[in-house]
Each structure stands twice: as structure tokens, then as C-alpha cells.
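Input: a single structure, listed below in C-alpha cells.
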Amino acid sequence: MQSDRSYHIQTDVCVIGGGHAGCEAALACSRLGFDTVLFTMNVDSIAMMPCNPHIGGSSKGHLVREIDALGGEMGRNIDKTFLQSRMLNRSKGPAVHSLRAQADKAEYSRSMRQVLQQQPHLTIRQAEVTDILLREPENGDGKKQVCGVRIHTGTVYDCRSVIVCTGTYLKARCLVGESITETGPGGMQRSTFLSDWFAANGMPLRRFKTGTPARMDGRSLDYSKMEIQEGDRKVVPFSYSTDPKTLEIDQMPCWLTYTNQETHDIIRANIDRSPIYAGIIEGTGPRYCPSIEDKVVKFAEKTRHHVFIEPEGRYTNEVYVDGMSSSMPDDVQQRMYRTVPGLENCVIVRNAYAIEYDCINANLLKLSLETKAVDGLFCAGQFNGSSGYEEAAAQGLIAGINAVKKMQGKEPLVLKRSEAYIGVLIDDLVTKDNREPYRMMTSRAEYRLLLRQDNADLRLRKYGYDCGLITEEQYQHVLYKQEEIEKETARLKKIRIGAAAGNQKILESLGTAPLKTACSLAELLCRPELHYEDLAPLDPTRPDPALPEEITEQVEIQIKYEGYIERQNRQVEQFEKLERRYLPETLDYLHMAGLRLEAQQKLHQFRPSSIGQASRISGVTPADVAVLLIYLEKTRGENREATDRH
Ligand SMILES: Cc1cc2nc3c(=O)[nH]c(=O)nc-3n(C[C@H](O)[C@H](O)[C@H](O)COP(=O)(O)OP(=O)(O)OC[C@H]3O[C@@H](n4cnc5c(N)ncnc54)[C@H](O)[C@@H]3O)c2cc1C
């Protein structure tokens, strides 16, 4: 490493990584007026989608909406570059309605790069960051402070905050059977040095892995043997800023086919050549994105598995074979894919492969995504042990916002599990003992009926506005929306209609049962078969001009699910009581009487910020939580100063 005759460049924030996390982090910091440098191993890989060509889907669509509500970019970017859009789970309740859009990968990357390049206060630099520079603690609390980064050329960027978003690149290696290459995803150059830096600074990294399927020449497939999957006619935007009229595009289809016994037999016959089953792969893979090998071995009773053929872009004939990610040797891949109906003559353009890489144990982070060990050092994305573009982008945005808040001397933004999927994501990463890549799912959110994708703006716009990423106009719009929703809900509850013949006739034409007695329009709207617009003939005093759909949609959901929503709100009150019982950072758990040994060790390791977070640490029992509560009662006076700590 060069001595300090290096060339120094001044900036405020260094973001290491141009992936989905890095882009959001860098945009948040620069949009809030801080000079920011985004480092990437290759500028052409900015916002690259190394795996599936889609954004959103179950719970991931919720994350994208929340990112947009807070002022992030992913939602706007996919609305500009999508190929097909579908609202999943429409037949189920609104809590699981999830938007999913097929992306034109090249356009998605190009468009995000353009947004970054046009952003004031933001500089892009193609370079490997090899070292993070620290200065000794100023304020005596023994914590070192970041003060810069060094790149492979020796140049130093002096800064006040560093955000690490290295994704799947650190000491990455890619495996196709016995063929192993020391590269990042898609043959990109990997990065190496920072792994040693983290280990040397008391934050040893661990090894995770993930995998991707082959890409094929779409011209070599026979689509007549597959089921077509079209997009929705009426496309719903991800972003609240997107004009729905711009979404009327010529959508591209996806296709559905299946593996079969022959596919499974080839895999079983060669399972010893799979790097996963041959024990060559060290990293731990994601349980919820299993490779086709895993599916065949773990679900042996299943005779077929779904295979979705998805376009990679409008100006390429490459297609993505979703559902068959693998790290089998090339010869096995050639044979196994050709057993799938429609793929008999498939031409593989890029092999399926597994990638293993270094990432941090997010238990070393605070809920703000700042490291517990070093001041001003934040981490986000796949580097934190998550998996998925959306999970990465959400963390990048929060890390960016909190790096700025730290430099402004303000309290960090910590979203609660009861407020956002982003809150669930970060709390789970930081508090739970995740031993594999963490993928978001609706089942992870206790209060999912409140955390719907349709009300992300009502839940989160205020936080985006408070930190400066949401404009006055956007904020005023959500306040107006909230007010109109409450007014219209109250109006429908007040208006009563009787069982008069005219009304009965209208109800009959709507295919719903006649009224036995008078009821309010709101009670009528609770009938599953009826929707807000259906009631118009029974509602002469309805607002004119008509209320926009974004308001009537909320009115309908809040009336139809009122009972469930109220029950969940009561649960949230209980939950938040414990979240507001803060625990001092310096508490000596190892000598706290009454705590079981395992709890002493776990609490000492995790250093939870509240009783609520402590109760979610595996190995901490309700009895241990009771001990903590008694301790807090006893020492309430002394801890007054602890409340403002996160
Ligand atoms: C093969 C593969 C399969 C995947 N399969 C799935 C899946 O099935 N399901 C799923 O949900 N997700 C999957 N993913 C994960 C998904 O791609 C990632 O979650 C997402 O890309 C993570 O975004 P990120 O911003 O954290 O990191 P990345 O997108 O990996 O970006 C990292 C960035 O950091 C830069 N960088 C790294 N080190 C340095 C350094 N030292 N100096 C400068 N720049 C540096 C790189 O150049 C890059 O710009 C897969 C990824 C890969 C590679």
C-alpha cells in the first residue's frame, strides 16, 4: 500500500458499490445536499440485475412502494423500463396484493446510471476501494470514526461517512460444476481487499451463496409447448410520481412450462457433480430461492416444478429460465434444460452458476445500519446478508438517510415493524440470527394488514418529507388524500338507505341480496361482491367531481377491513409500548442477576436498543424480558438520558 504521498480528494460521503443499495444510498445523500462519491468496479454495471429480470412480487412489491414513498428511485426507474406488469394475488386480500414488473435489464441499468449522472453533488468513480481509513476516537467513547477510503490506485477520498454496499462481489467466486472462476456476477471483476479490512477491524465476514439459472437464445425455444403469461391490461405504477398514462406500452409476454421426471433423473444421476452436494461450495444459500438441484432432492415427491421463461430485454433475444437456477456442470445443464417442454433445442448463451461471496453479520449493526464498532460506517444491501434487489435498495436508502442524519447530528430514521416492511427487514437482519441470505416475505410481517402496498404513502411520506427527500407538494398531496379518505369514509357511514323498491331493484341489478332493513352505505360496502363505484346509483350526494381512485380505493379497504385493521392497531399499541422501553447501550448484561446465561451472552453480543428488540433475540425468553423490565423500573431515574439513544 502506497505511503501517504497519495493524492487526496475531499468529499462528504463515500458509497462503496453501484448496485441497487449503492444507487439509493448515493442518491439519498446527494439529494440532501452532501457531496457524494459512488465507487463501482465497473461503471457499466451500475444497477445491474445479475439475476431475475423482475422487480417486485410478493412482499418485494411492498418494499418498492415504501422506497418510493420515502423518496427513493427504484419505483420510478422500473416504471420507465418495464416490459410487463402484473398485480399478483388480486383474488386474495389487499394485504398480499403485490405488483411485479418484468424489467428490461439493460434499460433499467442505463436509466439509473443517467439519473445518477445528472444528480448534483454526486460523482461516479470506477475503482476498487481497498481500504477504509479510520481516525482515533475524539469523544472518548472509545469508538473509531471513519475519515476516508483508499482506492486501488492509492488515491484517498477524505470523507465523514462511508456506506458499504459491495453486494455479491467481495472475494466472489462463480461455480459451474468443477469450473470455478474468481469473478463477480456475470463475469464482472470481483473485489477482494475489504474482506481483510473488516476482519482486521473486529468484524469478520462470513460466506453466503446464491445462484442463477441459464440465459438462453429465445429464438431456439418452442413457445407452442408453453402457456403464455400476459401482463395486466391496466398497469398500476410502482411510483406515486409516475403518470399512469406513460405505462401504456406494448408489453412482452412470459411463458410457463415445467420440468419433468426426465429432468429430475438427470439431476439425481449427477448430483455428486453439483458443487453444492459435493461440498465444494462453502457459502450458505437462500432457503427460499432454491436451486433446481435442491428442489429435486428436497421435494423428491414432486413430479414437476414450474419454469418461467422471461424476456431479459426488448432489444435482446436472451431469455431467463426462472425456477431452474443451478451450478451443475455445463454438460449436465445442456442435457437437463433440453428435457423441459419447449426447450428441446435450446441454445445456452450464459450458463447457470452459483456465486459465493463475503458479507457481514448484520448483528454487528444498529437499527440505523451504522456499525456498532465504528462511527460513521454504514452497511447496506446483499453485503448485510439479504437477498434481492428490493431488499438491497431499501437498505441503501435508509443507510443513506441515516449517514446524512448522523452528519447533521440528528436522530436516525428507524422504521418500526408496525410501520413498514423496511422496518421488518432491518429489524430481522440486525436482531435475528440469520444463517442464510434473508429474503423478504409477507409472512415475516406481523402487522401485514396495515403494511399494504396500497397505503405506503400514507404510512411513510411524512418520514421522507422530514428528512428532505419528499417535496412540500408531494407531502401536501398525501395530507389532502388522508383528509379526503377520512371525510368520505365518515360520509358513507352516515348515509343510510332503506329497503325501498327502487333500492332493491338496484341491488338486484348489482347481483347482491336485497336489504331486509335500512343500513348505511358503509355497511353495504362491506358486502364482498360490492365495490365503491357500484354504490353510485344508491348515493346521490356522492362528491362531484368524483374522488380519484387512489382515495376511493383506500375508503373501500378501510371500510371492508375495518374490524381487522382495528384489531391490528390494538396489537400495534401493545407492541410499541415495549419498543419505547429503551435499554442503555452500556448495560452490563453479563452481571445482571436473574438473567439466564444464554440471555446474558446474547444481550451482551446484540446490545438491543429496546425491550421490544430484546424480546426478538433468539435465546432471550419472556422470563429474561421480565428481568430487564424490573431492572428498568428499579433504575428508571438513572436511565433518563438513555432514551435518546439508537
Ligand atoms: C448469481 C446471482 C444470483 C442471484 N439470485 C438471486 C435470487 O435468486 N433472488 C434474489 O432475490 N436475489 C438474487 N440475487 C441477488 C441480487 O442480485 C442482489 O440482491 C442485488 O443485486 C444486491 O444488490 P446490492 O446493491 O447489495 O449489490 P450488487 O448489486 O451486487 O452491487 C454491488 C456493487 O458493489 C461494487 N463493489 C463491490 N466491491 C467493491 C469495492 N471494493 N470497491 C468498489 N466497488 C465495489 C460492485 O461493482 C457493484 O457495483 C442474485 C445475485 C447473483 C449475483
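The values are calculated or read from the model by the stated rules, or taken from the named source; none is laboratory data. In this text the structure is predicted, and so the values were computed from the model without any measurement. Here Cβ is always computed from backbone atoms with ideal geometry, including for glycine, and neighbour counts include all displayed protein chains. Keep in mind that these areas ignore ligands, DNA and RNA; they rest on the heavy atoms of the full protein, side chains included. Shrake-Rupley method; radii C 1.70, N 1.55, O 1.52, S 1.80 Å.
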What's the number of the only condition in (1) within 15 Å of the ligand (Cβ to nearest atom); (2) in a loop (DSSP other than H, G, I, E, B); (3) open to solvent by less than 60 Å² (accessible area, probe 1.4 Å) that residue 189 fails to meet? (3)
Residue 320 fails exactly one of the following numbered conditions: (1) open to solvent by 10 Å² or more (accessible area, probe 1.4 Å); (2) assigned to a strand (DSSP E or B). What is the number of that condition? (1)
How many residues of region 387-401 are of a type outside the set (Asp, Glu) and near the ligand (Cβ under 7 Å from one of its atoms)? The answer is 5
Candidates 202, 167, 142, 231, filtered to the one that is away from the ligand (no atom under 15 Å from the Cβ), assigned to a loop (DSSP other than H, G, I, E, B) and either surrounded by 15 or more Cβ atoms within 10 Å (Cβ to Cβ) or of a type in the set (Lys, Arg) (or both): 231
Take the residues in region 207-227 that are assigned to a loop (DSSP other than H, G, I, E, B) and within 16 Å of the ligand (Cβ to nearest atom), then tell me which one is surrounded by the fewest Cβ atoms within 10 Å (Cβ to Cβ). 213
Across region 445-466, which residue is nearest to residue 482 (Cα to Cα) among those that are small (Gly, Ala, Ser) and outside any loop (DSSP other than H, G, I, E, B)? 456
What tally of residues in region 582-626 results from selecting those that are assigned to a loop (DSSP other than H, G, I, E, B) and crowded, with 17+ Cβ neighbours inside 10 Å? 9
Any chance residue 341 is touching a residue at least 12 places away in the same chain (Cβ under 8 Å), away from the ligand (no atom under 12 Å from the Cβ) and within 26 Å of residue 208 (Cβ to Cβ): no
Just one of 135, 160, 125, 150 is free of Cβ contacts under 8 Å to residues at least 40 places away in the same chain and open to solvent by 10 Å² or more (accessible area, probe 1.4 Å); which is it? 135
Find the residue count for region 499-513, including only residues that are loosely packed, with under 12 Cβ neighbours inside 10 Å and assigned to a loop (DSSP other than H, G, I, E, B). 3
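Filter region 370-382 for residues that are within 12 Å of the ligand (Cβ to nearest atom) and either assigned to a strand (DSSP E or B) or under 22 Å from residue 586 (Cβ atoms) (or both) and give the result.
379, the sole residue that qualifies.
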Can you say whether residue 293 is crowded, with 16+ Cβ neighbours inside 10 Å and touching an Asp or Glu at 6+ places or on another chain (Cβ under 6 Å), as far as the supplied structure shows? no
Looking at 38, 70, 32 in this structure, which one is in contact with a Leu (Cβ under 6 Å, 6 or more places away or on another chain), within 29 Å of residue 10 (Cα to Cα) and surrounded by 21 or more Cβ atoms within 10 Å (Cβ to Cβ)? 70
Does region 323-355 hold any residues that are touching a Lys or Arg at 6+ places or on another chain (Cβ under 9 Å), assigned to a loop (DSSP other than H, G, I, E, B) and open to solvent by 30 Å² or more (accessible area, probe 1.4 Å), and which are they? 341, 344, 345, 347, 351
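Within region 418-451, restricting attention to residues that are aromatic (Phe, Trp, Tyr) and away from the ligand (no atom under 14 Å from the Cβ), which residue is least open to solvent (accessible area, probe 1.4 Å)?
If we take residues in region 418-451 being aromatic (Phe, Trp, Tyr) and away from the ligand (no atom under 14 Å from the Cβ), then 421 is least open to solvent (accessible area, probe 1.4 Å).
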Is there any pair with a first residue in region 609-627 that is outside the structural domain of residue 590 (by TED's automatic domain parsing) and a second that is open to solvent by less than 20 Å² (accessible area, probe 1.4 Å) whose Cβ atoms are under 8 Å apart and which are 6 or more apart or on different chains, and what are they? none
Pairs needed: first member in region 486-511, farther than 26 Å from residue 557 by Cβ; second member anywhere, open to solvent by less than 40 Å² (accessible area, probe 1.4 Å) and not charged (D, E, K, R); C-beta distance under 6 Å; at least 6 residues apart or different chains. 499/515
Enumeration of residues in region 467-485 that are touching a residue at least 12 places away in the same chain (Cβ under 8 Å) and either out of contact with any Phe, Trp or Tyr (no Cβ under 7 Å at 6 or more places or on another chain) or surrounded by fewer than 16 Cβ atoms within 10 Å (Cβ to Cβ) (or both): 467, 468, 469, 470, 474, 478, 481, 482, 484, 485
Among (1) over 24 Å from the mean Cα position of the chain (by Cα); (2) closer than 27 Å to residue 405 by Cα, where does residue 175 come up short? (2)
Among the residues of region 332-369, write down those that are farther than 16 Å from residue 220 by Cα, touching a Gly at 6+ places or on another chain (Cβ under 8 Å) and not small (Gly, Ala, Ser). 332, 353, 355, 356, 357, 359, 360, 361
Considering only residues of region 170-185 that are without any contact (Cβ under 8 Å) to a residue 12 or more places away in the chain and farther than 23 Å from residue 132 by Cβ, which is farthest from the ligand (Cβ to nearest atom)? 181
Residue 541: assigned to a loop (DSSP other than H, G, I, E, B) and open to solvent by 50 Å² or more (accessible area, probe 1.4 Å), yes or no? yes
Do we find a residue being crowded, with 20+ Cβ neighbours inside 10 Å and closer than 30 Å to residue 555 by Cα anywhere in region 374-388? no
